[in-house]
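Inspection log for the structure reproduced underneath, given as structure tokens.
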Amino acid sequence: MHPHLKEILFSREQIEEKVKELAKVVSNDYEGKYPLVVGILKGSAMFTTDLIKEMSIDLELDFMDVSSYGNATESSGEVRILMDLSTPAVGRDIILVEDIVDTGNTLKFLKGLLYERGAKSVTIISLLDKPDGRKVEIEADYYGFIVPDAFVVGYGIDYAEKYRSLPYIGIFNQEFL
Ligand code: PRP
């Protein structure tokens, strides 16, 4: 375990299993629909690429980079688009892929934006759900794991840009702030 972590919540193997399970469910639901899968950078980069490798249907891949946190541990509530889609959203069945739903600000903003742009449907898949963090009303359609109200890092998720490359998910030890 990385010395800056307090504990591991989900091992590499547990994540792999969960990703396969989610990919199977989503593939069944989207059979014949050719969805546009949108990974929300940077946190969901690892989850998105692992997920689509396990999906059994044809799909199109795109990414958006949005930011709400800056380098703080608290969400600012403000969502900025740092990099937009390269594919038009109009008429598409979109699957937004997130690493974590915390306050919900990011997803509420993105879902609204994509419907405004004429998406046919927008569903959300998030590996992690932190229900205690929620400040706005939004839920993903598919979740992997529930996490406690702690600072979670690894498997794409950072603290101040660190720890994204860890293959497992754990709780950051705030003594190392
Ligand atoms: C994190 C995470 C989600 C969002 C969730 O992204 O990846 O996108 O925050 O938080 P919310 O539900 O409170 O909006 P962040 O803005 O830190 O950018 P990053 O993915 O590049 O680390």
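We did not get these values from a lab; they are worked out from the coordinates using the rules stated. These numbers were taken from a predicted model, which means no experiment stands behind them. Cβ coordinates were reconstructed from backbone atoms using ideal geometry, including for glycine residues, and neighbour counts include every protein chain displayed.
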**OP:** Would you please give the FRET efficiency between Ser86 and Thr123, computed as 1/(1 + (r/R0)^6) with r the Cβ-Cβ distance and R0 = 25 Å, to the nearest 0.05?
**Re:** 0.75
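Per the helix-only calculation at 222 nm, which mean residue ellipticity applies to the chain, given -39500 (n - 2.57) for every DSSP H run of n ≥ 4 and division by its residues, nearest 500 deg cm²/dmol?
-7000 deg cm²/dmol
Mind scanning Lys135/Lys162; Lys24/Lys53; Lys24/Lys130 and naming the pairs with a C-alpha gap bigger than 18 Å?
Details: Lys135/Lys162 25 Å; Lys24/Lys53 11 Å; Lys24/Lys130 23 Å.
Long pairs (Cα-Cα over 18 Å): Lys135/Lys162; Lys24/Lys130.
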Original post:
In debye to the nearest 20, how big a dipole does segment 1-151 give about its Cα centre with +1 on each Lys and Arg Cβ and -1 on each Asp and Glu Cβ?
Top reply: 220 debye
**OP:** Taking the chain as the reference, fit the longest principal axis to its C-alpha atoms, fit the long axis of helix 105-116 to the helix C-alpha atoms, and give the angle between the two in degrees, 0 to 90, nearest 10.
**Re:** 10 degrees
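Scan segment 89-141 for GluC sites (Glu not before Pro) in coil per DSSP, keeping those whose Cβ has at most 11 other Cβ atoms within 10 Å, and list them by number.
Details: sites: Glu98, Glu116, Glu137, Glu139; in loops: Glu137, Glu139.
Here the sparse-neighbourhood loop sites are Glu137.
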**OP:** With no solvent and one equal point scatterer placed on each C-alpha of segment 10-153, evaluate the Debye formula and give log10 I(q)/I(0) for q = 0.13, 0.14, 0.19, 0.20 Å⁻¹, two decimals.
**Re:** -0.53, -0.62, -1.18, -1.31
Original post:
How many nm separate the modelled label positions at Glu139 and Glu16, each set 7 Å beyond the Cα in the direction of the Cβ?
Top reply: 3.2 nm
Original post:
Which whole-number percent gives the relative contact order of the chain, counting Cα pairs below 8 Å spaced six or more residues apart?
Top reply: 25 percent
Original post:
To the nearest 10 degrees, how steep is helix 45-54 against the longest Cα principal axis of the chain, on a 0 to 90 scale?
Top reply: 50 degrees
Subject >> With Cα atoms, 0 to 90° folded angle of helix 12-29 axis to the chain main axis >> reply: 20 degrees
